[in-house]
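Only one structure is covered here, and it is reproduced in the block below.
Every read-out reported here was derived from the displayed coordinates using simple, explicitly stated rules and does not represent laboratory data. Everything numeric here is computed off the predicted structure, so don't read it as measured data. We place every Cβ from the backbone using ideal geometry, glycine too, and count neighbours over all the protein chains shown.
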């Protein structure tokens, strides 16, 4: 216990650039496709809903992209985030492993999401956009964008997945406190929403359709996505860059890096700077992506071109998918209820650089409480999946008698997820299975796109 | 905007000692009195509910008290907390004032309260105590003690003020996540609770009676108080000591230090190290204590000996009081609903070293949202009172054309107070007045103790 607990960087150590892993990936990246022509989607497919600056970041081949100074100024409100050594959890697990975690829950919105929300709000403000439309699952992304819009003077409208809207009323109040308008999805305010009225619990895919439809139909409104896309993963790499510097302060080198994956942004943010070192032959590191067994995209999906949204308004993206109209059971990790994943993360899984594991809801909450009662922080249900994987790694290290170094991205706190903890503590939390039949049916409705080699 | 935003200290800068202001106060302190004999209360009056270590701290005449190493180790989980320059709020107010705030909401329980909870849990654990009983208003203190008990392996039972129990169900879930038992007060588990069944919204005074009764009646159980007492104020002085170091980093000197006051602990924690400098002639600083108009202890109470709890189980303490059985209206700043205040803080108000101001509920929420939409952090309703006072100071500085330096203790976030924000945003938040008639009646029931000179 005389060893350091927390590795702190001052604000002048906030990264000056984002890491663009695209530049280091072997081969040419698979392009998104225009679903009408099946040709690679170009800027014209995206300008109705994104500003050129973000489209440029989406397709950039530069290994690094400079962070605009006004974005770094906002980052100073909570960055650099702390990196912790989990002394108490290690002792509770009686493991020789050394566990570190990077804590993104210190942001005002409570997760890593503002890292990209601020960058997107700034780019849109610079482009003269007046309003941003978006979707949110558990509410983490919606909160982040509401916050970012309030700081840059933009209007914000958030389509919130029905299941989360009902489970997390205080997330809505948080978004409204920052001035956003929040609409339960599926709603009757869009054609996409009305068409999905038969799925009242909603899904990220449906909410994306609604927000994209609103943005595409209004010149002053753009769309902002909280995960999946290359530029979102790019923005999140401040996490991994800071962690690299902090692990150096700790004098340690991770053997395995662990994060949860919904659309992939927090995983990418932590992992990409470490994966770049592996691709450049500078380090040997394993990477573990944890997802919910109720929505097992990486472990059970097919690797195919599919829409990013449920209705089919987006370009087709090369990814593991459960089918764009698959509606996952309403688990509390709302941020992980997505049928697809970041194309880059999917490619890394396909290439074997990243290992995916799926966990059931109750075992993740058991891990979350174990963490809260040793390390004090109450995690969000999403990173609880990653904590479950960390505990498995630490127990494997104990059995092997191995001093494994584990690095976790603890991407957010659970302050707005207390109804889930309440249900877990009362023994009333369900372990919903994803429906294999529903998935098979959804996969049959995949668009008729070229297969991926 | 090229000026620094955040002043960060590494964990080796956590203070090694607490500051005991008692040693620097002029004259002899007024002792607490045994209500039966009206003689000064001694250790025998306190040993049934407190360990000797804390009783020693309560009456210590030493200017500094060493912080035990295991307590500092736990502090490392969130301390030192950041100090911010409120650039965005300053610009929104168009003020020449420079506003700084120390943010205690980064603790896992969301407020400054763990600073004392950890110290108390450790002292009780060392004394062989198995269980702690306490009260909580808004839930900040109960959460903090639940957390501290989980880290030191103690059981924890929390009597939660009825009004807050109903308004903040997720605070209860948070305490239970850390393993505590939470009981709505007034309850039928104690004589004190049963006697107060006519006040179903409860109060801190009633909840204290219940917890004290439980602790006094069970050898293995002690009591822990989250504010008011000298040793609690002592523990909180880590805040002000860090702030002194951080203001030095900022190269600035506060003209006025602002905090909210319920029982006085967060105010004391920030102010005492600064007040010591004033008492020693090393600085000239003003101090502003902000309280709710619904429970205006410092601005409308009488300076007299009174019980700390409603039923009359505690020693008599010299303080401003609204009468120990006065039940304040159920405002959302549950942590400020207390009939008395820390005797030291009261003495400082009496001596004119601290200025008290009372604010209505709606004007504090208006200030809180203004803060959230500029500085990003959503404050708890308690420090919203202090923010209101800071905005007043900043506007006075603008009118005077004066470069006033204002230091705020932002003692916690509002993540568990969203029902209050929801009501405010819907225009449904009340501005309850305290009842002058109820207060006058309560003051008539003050114990027949010696008047204070």
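Highest-first packing order for the peptide set B:214-220, B:374-380, A:140-146 is A:140-146, B:374-380, B:214-220, based on the mean count of other beta carbon atoms within 10 Å.
Each part reduced to its alpha carbon centroid, the stretch B:411-453 and the stretch A:390-434 end up 40 Å apart. Packing, taken as the mean count of other beta carbons within 10 Å per residue, orders the peptides A:295-304, A:346-355 from highest to lowest as A:295-304, A:346-355.
Arranged from fewest to most other beta-carbon atoms within 10 Å of their beta carbon, B:337, B:131 become B:131, B:337. Counting only DSSP beta bridges with both residues in the protein assembly as shown, the antiparallel share comes to about 35 percent. Bridge orientation summary for the stretch B:200-332: considering DSSP beta bridges with both residues in this region, about 55 percent are antiparallel.
Among the residues of A:374-384, the average count of other protein chain beta-carbon atoms within 10 Å of the residue beta-carbon is 3. Label-point spacing at residue A:23 relative to the other copies reads 5.7 nm, in ascending order, each point sitting 7 Å out from Cα along Cα→Cβ. Judged by the mean number of other Cβ atoms found within 10 Å, the most tightly packed of the peptides B:327-334, B:401-408, A:444-451 leads the ranking B:327-334, B:401-408, A:444-451.
If you bin the C-alpha pair distances of the stretch B:242-313 every 10 Å from 0, what whole percents do you get? So the P(r) values, bin by bin, are 17, 40, 27, 13, 3. With everything on Cα atoms, drop me the angle between helix A:204-216 and the longest principal axis of chain A, reported from 0 to 90° to the nearest 10. It is inclined by approximately 50 degrees. Annotation for the stretch B:130-193 versus the stretch B:24-102: alpha-carbon center distance of 22 Å.
For the rotation carrying A onto B, the chain A residue whose Cβ lies nearest the axis, with the distance in whole Å, reads A:415, 2. Along its three principal directions, the equivalent ellipsoid of the stretch A:128-254 from the Cα gyration tensor extends over semi-axes of 30, 17, 14 Å, largest first. The mean count of C-beta atoms from other chains within 10 Å of the C-beta of residues in A:169-180, rounded to a whole number, is 5.
When you restrict to C-alpha pairs under 8 Å that are six or more residues apart and normalise by the size of chain B, the relative contact order lands at 19 percent.
Taking the Cα atoms only, what angle lies between the long axis of helix A:265-279 and the longest principal axis of chain A, rounded to 10 degrees? Here the helix axis deviates by roughly 60 degrees. Overall form of chain A: rounded. Here a/c, set by the Cα gyration tensor axes a ≥ b ≥ c, is under 1.5. Each copy carries a label point for residue B:450 at 7 Å from Cα along the beta-carbon vector; from one copy to the others these points are 9.5 nm apart, nearest first. Relative to the longest principal axis of the Cα atoms of chain A, the long axis of helix A:140-152 lies at roughly 70 degrees. Per-residue shielding of A:4-12, expressed as the average number of other chain Cβ atoms within 10 Å of the residue Cβ, stands at 5. Could you please state, rounded to a whole Å, how far the C-alpha centre of the stretch A:290-347 is from the C-alpha centre of the stretch B:206-246? The stretch A:290-347 and the stretch B:206-246 have Cα centres spaced 50 Å from each other.
For residue A:283 and residue B:280, a Förster radius of 51 Å and the Cβ-Cβ distance give a FRET efficiency of 0.40, rounded to the nearest 0.05. For the stretch A:317-391, rounded, prolate or oblate, judged on the Cα gyration tensor with a ≥ b ≥ c (square roots of eigenvalues), a/c < 1.5 rounded, else prolate if a/b > b/c? Oblate, since a/c reaches 1.5 and b/c is not below a/b. Placing a label point 7 Å from the Cα of residue A:217 along the Cα-to-Cβ direction, the distances to the matching points in the other copies come to 6.4 nm, shortest first. Over all directions, how big on average is the projection of the convex hull of the alpha-carbon atoms in the stretch A:179-322, in square nanometres? Its average projected convex-hull area is 11.3 nm². Put in line by how crowded their Cβ is, counting other Cβ atoms within 10 Å and starting with the fewest, B:21, A:225, A:249, A:410 read A:249, B:21, A:225, A:410. If a/c stays under 1.5 just call it rounded; otherwise compare a/b with b/c (prolate if a/b is bigger, oblate if not). Do that for the stretch A:80-200, with a ≥ b ≥ c from the square roots of the Cα gyration tensor eigenvalues. It is oblate, given that a/c is not under 1.5 and a/b is not larger than b/c.
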